[in-house]
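Structure first, then comments.
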Amino acid sequence: VRDWSFSDAHSRCLVEVRPEDPHSVTTSCFADEVALYVPAIMGDSKRWTHWALDDPRARVKIGDAIYPVTIERIEDAAARRRAARAGYRKYHGQDPPEDWETPEDRWYFRLTWRGPDDEAPDGP
């Protein structure tokens, strides 16, 4: 498990999918002690989300650094809730209310480091 907590210093990140014909999107990014996440509002309607499903190789730019990652859609309900809560905490500065639910059309992706161990993300 890599420590992506440094990403909290940045409100947005750039995600690049489809390595053979790169396509980048600017999105929110947030982390917890388990992973780095990015959301896609109305995920089914976005081209980039489907490209990510077709080929999980991606890159993420946080600040001035670019990291090779694997991008994976989170479909398990508990893992989705975990990702959503991490985003809420980052952008609202507190835990969400117990009855808070993220919209069903919001997709969440987990980004996993796929580079050499000696180049692992450790912050800016």
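The values are calculated or read from the model by the stated rules, or taken from the named source; none is laboratory data. All values reported here derive from a predicted model rather than from experimental measurement. When we count neighbours, we look across all protein chains shown, and the Cβ atoms used for this are built from the backbone with ideal geometry, even at glycine. Areas reflect the complete protein model, heavy atoms only, side chains present, ligands, DNA and RNA absent. Shrake-Rupley method; radii C 1.70, N 1.55, O 1.52, S 1.80 Å.
Computed over the chain with a Gaussian network model linking Cα atoms closer than 10 Å, the most mobile of 50, 23, 92 is 92.
If you put +1 on each Lys and Arg Cβ and -1 on each Asp and Glu Cβ, how big is the dipole of the chain around its Cα centre, in Debye rounded to 20?
Details: 18 positive and 24 negative charges, 56 e Å.
For this selection, approximately 260 debye.
How would 95, 32 line up by accessible area, probe 1.4 Å, largest first? Write out the running numbers ahead of the final one.
Details: 95 85, 32 25 Å².
Solvent-accessible surface, decreasing: 95, 32.
Once the mean 1/r over all distinct Cα pairs of segment 41-103 is inverted, what Kirkwood radius in angstroms do you read off? Walk me through the numbers on the way to the answer.
Values: mean 1/r = 0.0729 Å⁻¹.
Roughly 13.7 Å, rounded to one decimal.
Within the accessible surface of the chain, defined with a 1.4 Å probe on protein heavy atoms only, the carbon and sulfur portion equals 46 percent. Heavy atoms of the protein chains alone define the surface here; on that basis the chain has 57 Å² accessible area per residue at 1.4 Å probe size. Rounded to the nearest whole angstrom, the semi-axes of the ellipsoid equivalent to the chain, taken from the Cα gyration tensor as √(5λ), stand at 22, 18, 12, largest first.
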